[in-house]
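Have a look at the structure below before the remarks.
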Amino acid sequence: FGYRDFPPGTMPGVDEPKPSWVVLNFDDVAAVAWDHDSFSSRDSLQEESSAPSLMLVNHDRPEHTRLRKIAAKAFQPSSIKSLAPAVDALAANCMDDFFVTDQPVDVMADYCAMLPSRVMAYLFGMPAEMDRDVNNWATGFMLSADISPQERQAYNVQAMTFFEQHVKKQIDLIEKGEEPPGPLINAFIRTEVDGDRLSYEEIVRFCMTATVAGAETTSFYLGNLIAVFADFPEIWQTFVDDPKQFDAIYKETLRFHGPPQRLFRVATRDITIGSADIKRGDWVACFFGAANYDPDTFPDPYTFQLNRKNANRQMSFGYGIHRCLGAPLAQLEAESTARILRYRYAQIERAGDAVWQDVSLLNHGLASNPVIFRGRT
Ligand code: HEM
């Protein structure tokens, strides 16, 4: 007990982190994440800070159930699948813009940062040239870049102001019978479950939530996937020989190099987890990244293995009622990326040290990831 760190949305230099328990092994992390009655996702530090609080991620039941029902319908896997052609086109264009064959390319600076932001901009019907803004808003909120509290605050204000106006515009167009671009924002506006819909305020905050929850984690995931291809040439070869192996590569990359390392909960009652006597009101840091390396669940955890029988148990999308809603979208972006890389390039080689970001423990991802894409001869 006593670990202090910043939840997403809070600001180093402004907010004061609370001392928390640290939960590391698989069973304990699962016990905390599963027991949403004893461990709340409401984050008083974030509620008191100037950052907008997130939808779902920071809601408990019963509010969570209501919101999740509507969001799950708006985000249903079949509608996400229908986005495949658009995501393929965005991934191919992003490679055209940023990759140069046979020369070192730092994939973090451009492709990995920009593809998820371009996908979000497309899903929200935003002008394509706002892709950098989406990237800045997500990075500002998620702590993984060393930027000042003033800049973080400015990004939050910019994002909320934009979405407030944008959602209004979309609602007006839909009420006039038009179909404005932006499949996800339109689904947030239209989706109805048992006569219940999201309010204007909730739609705005859902746009903010999808931006910050979906852009940066996916950027880090794509970078980690490309690092696997560059650093384990045998895995790349396995994929080249048999693209059906992608599913196994995707899951093991989530376990081996999962982006979210740690999320907080707050105990709602006195409870014992492992050897820790946790008191009501105590903060608990759940290390999903450590659970993925628990040798009792994943033997020989430091070896990248494609044949793990329990590959689905990796925790990188969380566990329980808060399990990631955007997982099918993240998977779509990863599949597009891998498929187009395989089609275009013969080999991916490491071209310089992979440097892990060390600004925050929140995400395990690369700050710099230089590789060379060898063209097909
Ligand atoms: C590889 C990429 C991604 C990873 C590793 C990831 C990881 C996670 C994790 C660990 C949680 C659980 C949070 C908790 O337990 O407190 C979560 C929740 C969530 N994620 Fe993702 N995420 C990714 C991509 C996305 C995308 C692309 C979107 C949307 C566009 C998204 C939207 C959400 C939302 C809305 C929640 C809250 C769900 C709830 O509380 O019911 N995520 N994500």
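What follows draws every value from the coordinates through simple rules; no lab data is involved. Predicted model, so just to flag it, every value in this text is computed and none were measured. Because the Cβ atoms are built from the backbone with ideal geometry, glycine has one as well, and the counts that use them run over all protein chains shown.
The C-beta contact set for segment 307-324 (first residue within 15 Å of Phe264 (Cα to Cα), second residue more than 14 Å from the ligand (Cβ to nearest atom), distance under 8 angstrom, 6+ apart or interchain) comprises Met315/Phe26. Looking across segment 31-66, the residues that are closer than 15 Å to Ala210 by Cβ, in contact (Cβ under 8 Å) with a residue 24 or more places away in the chain and surrounded by 19 or more Cβ atoms within 10 Å (Cβ to Cβ) come down to Pro52, Leu54, Met55, Leu56, Val57. The set of residues from segment 20-30 being surrounded by 18 or more Cβ atoms within 10 Å (Cβ to Cβ) and either part of a helix (DSSP H, G or I) or under 20 Å from the mean Cα position of the chain (by Cα) (or both) comprises Phe26, Asp28, Val29, Ala30.
Out of Pro295, Pro328, Pro299, one residue alone is surrounded by fewer than 19 Cβ atoms within 10 Å (Cβ to Cβ) and touching a residue at least 40 places away in the same chain (Cβ under 8 Å). It is Pro328. Here the helices (runs of 4 or more DSSP H) wholly within segment 48-130 that include at least 3 residues being charged (D, E, K, R) are 63-74, 84-98.
Here are some residues: Leu184, Leu198. Which one is part of a loop (DSSP other than H, G, I, E, B), within 16 Å of the ligand (Cβ to nearest atom), closer than 20 Å to Pro52 by Cβ and among the aliphatic types (A, V, I, L, M)? Give the derivation first.
Values: Leu184 fails: part of a loop (DSSP other than H, G, I, E, B).
Unique residue meeting the criteria: Leu198.
If we keep just the residues of segment 41-69 that are among the polar types (S, T, N, Q) and closer than 19 Å to Cys324 by Cβ, which is nearest to the ligand (Cβ to nearest atom)? Give the derivation first.
Of all residues in segment 41-69, those among the polar types (S, T, N, Q) come to 41, 44, 46, 49-50, 53, 58, 65.
Checking the rest, the ones that are also closer than 19 Å to Cys324 by Cβ come to 41, 46, 53, 58, 65.
Numbers: Ser41: 6, Gln46: 12, Ser53: 12, Asn58: 8, Thr65: 10 Å.
Here the residue is Ser41.
This table checks each residue for (1) of a type in the set (Lys, Arg); (2) more than 29 Å from Ala72 (Cβ to Cβ).
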{"residue": "Leu263", "(1), (2)": "no, no"}
{"residue": "Lys279", "(1), (2)": "yes, yes"}
{"residue": "Trp283", "(1), (2)": "no, no"}
{"residue": "Ala291", "(1), (2)": "no, no"}
{"residue": "Asp296", "(1), (2)": "no, yes"}
{"residue": "Thr303", "(1), (2)": "no, yes"}
{"residue": "Gln314", "(1), (2)": "no, no"}
{"residue": "Gly326", "(1), (2)": "no, no"}
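Looking at Tyr250, Tyr221 in this structure, which one is among the hydroxyl-bearing types (Ser, Thr, Tyr), in a helix (DSSP H, G or I), in contact with a Ser or Thr (Cβ under 9 Å, 6 or more places away or on another chain) and within 11 Å of the ligand (Cβ to nearest atom)? Break it down into steps so the answer makes sense when it comes.
Working: Tyr250 fails: in contact with a Ser or Thr (Cβ under 9 Å, 6 or more places away or on another chain).
The unique qualifying residue is Tyr221.
Looking at Arg265, Arg280, Arg269 in this structure, which one is within 16 Å of the ligand (Cβ to nearest atom) and either farther than 28 Å from Leu222 by Cβ or buried (at least 21 other Cβ atoms within 10 Å of the Cβ) (or both)?
Working: Arg280 fails: within 16 Å of the ligand (Cβ to nearest atom); Arg269 fails: within 16 Å of the ligand (Cβ to nearest atom).
The unique qualifying residue is Arg265.
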